[in-house]
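The next block holds one structure in the form of structure tokens; read it before the comments.
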Amino acid sequence: GHVPKGESDKIWKEFRAACNHFFDRLTKHNKGRDEEFEANAKERTDFLEALEKWSPDLKDKKAAVKEIKTKIAEWRKLGPSPRKLRNELENRFNKAIDGFFKAIDLDRQESQRIRFENKVDSLASQGERELMKERDFLRRKLDEAKKELMQLENNLGFFSSSDPKSPIVKEARKNIDAQDRIVSSIQSQIKMLGQKIKDMRTAKEAAAEAKEDKQDQEEA
């Protein structure tokens, strides 16, 4: 509301001083954060250069998968980089990891699972919102996949009187099995995202409770 004219200038100056103080602190904070992000980008770039020269043990697939997972874990521990470089560095990393999976000829389903775990961790580092966007996208994709599966099953009904060993029936069943695997894969991915979101929320709640407990102890 309005104040007496004699007080107006004084209060306005105090308000402007508070605003200037806030934005000075914000600028200083952002500058420090940007410098930290640039350092992280350098660290990530160095990591990528070493990774692109590295090769897993191609003679032992089990050991190779373990080594690749270790590299993924090391990458995830590195701090965030500037937004302008984030996608470029992440794509470069994913390309290297995909190359390793291809080199060891890992089972397609297993490699997809590990790749998606890596993607989930990447999205989680950007915040819960990114995980929820991905889950919404996959839910729409799942609906489409289920409709496609239903259509394939309906199509098979046209051949109910045909010889089960005929090439047409075999091909129809093959397509149904492939689509069923796609549906199962998407369902697993949605479940993985849901668990990650739940874990993040649980961690936030635990951190908030710990903060409140600390404040209560300090006040006591």
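The values are calculated or read from the model by the stated rules, or taken from the named source; none is laboratory data. Since the structure is predicted, the reported quantities are computational estimates derived from the model, not experimental observations. Counting neighbours? That spans all protein chains shown, and the Cβs are built from the backbone with ideal geometry, glycine included. Remember, those area values only see protein heavy atoms, side chains included, never the ligands or the DNA or RNA. Shrake-Rupley method; radii C 1.70, N 1.55, O 1.52, S 1.80 Å.
What ranking of W75, W54, W12 comes out by heavy-atom accessible area, probe 1.4 Å, highest first?
W12, W54, W75
At a 1.4 Å probe radius, carbon and sulfur cover how many percent of the accessible area of the stretch 39-123?
Numbers: 2590 of 5290 Å².
After summing per-atom areas, the C and S share lands at 49 percent.
For E7 and I114 in the same chain, what is the full-extension length gain: residue separation times 0.36 nm, less their Cα-Cα distance, in nm?
Details: separation 107, 0.36 × 107 = 38.52 nm, distance 6.52 nm.
Here the answer is 32.0 nm.
Please give the helix 167-219 orientation as an angle from the longest Cα principal axis of the chain, in degrees from 0 to 90, rounded to the nearest 10.
That works out to roughly 20 degrees.
Per DSSP helix of 4 or more residues, -39500 (n - 2.57); summed, then divided by the residues of the chain. What does that give at 222 nm, rounded to the nearest 500? Please list the in-between numbers first.
Details: 6 runs with 188 residues, N = 220.
The helix contribution divided over the chain gives -31000 deg cm²/dmol.
For an R0 of 35 angstrom, estimate the FRET efficiency from the Cβ-Cβ distance between A50 and K191 and round to the nearest 0.05. Don't skip to the answer; put the middle values down first.
Working: r = 34 Å, r/R0 = 0.98.
Computed FRET efficiency for A50 and K191 comes out at 0.55.
Of all chymotrypsin sites (Phe, Trp or Tyr not before Pro) in the stretch 116-220, which ones are in loop regions per DSSP and have a Cβ with at most 13 other Cβ atoms within 10 Å?
For chymotrypsin sites (Phe, Trp or Tyr not before Pro) across the stretch 116-220 that sit outside H, G, I, E and B with at most 13 neighbouring Cβ atoms in 10 Å, the list reads F158.
Filter the cross-link list K71/K133; K69/K119; K102/K146 down to pairs whose alpha-carbon distance in this structure exceeds 19 Å.
From K71/K133; K69/K119; K102/K146, over 19 Å: K71/K133; K102/K146.
In terms of solvent-accessible area of protein heavy atoms at a 1.4 angstrom probe, what is the ranking of L156, L138, highest value first? Write out the running numbers ahead of the final one.
On the way: L156 30, L138 5 Å².
Sorted by accessible area, descending: L156, L138.
Residue by residue through the stretch 9-17, what is 3J(HN,Hα) from phi via Karplus (6.51 cos²θ - 1.76 cosθ + 1.60, θ = phi - 60°)? Round to whole Hz and write x for glycine and proline.
4, 4, 5, 4, 5, 5, 5, 4, 5
I need the trypsin sites (Lys or Arg not before Pro) found in the stretch 51-88, filtered to DSSP loop residues with at most 10 other beta carbons within 10 Å of theirs.
Filter output for the stretch 51-88: K53, K59.
Taking volume of the Cα convex hull per residue in Å³ as the quantity of interest, determine which of (1) 245; (2) 188; (3) 131 was computed from the displayed structure.
It is the one labelled (1).
How tilted is helix 128-157 with respect to the longest principal axis of the chain? Cα atoms for both, answer in degrees (0 to 90, nearest 10).
With both axes taken from Cα atoms, the answer is about 20 degrees.
Ranked by accessible surface with a 1.4 Å probe, highest first, in what order do L78, L85 come?
L85, L78
Hey, can you find the accessible area per residue of the chain for me, probe 1.4 Å, expressed in square angstrom?
Spelled out: the 1.4 Å probe surface of the chain, per residue, equals 75 Å².
Compute, for D163, the solvent-accessible surface of its heavy atoms (probe 1.4 Å) with the complete set of protein chains present, and express it in square angstrom to the nearest 10.
Counting only protein heavy atoms, D163 exposes about 90 Å² to solvent.
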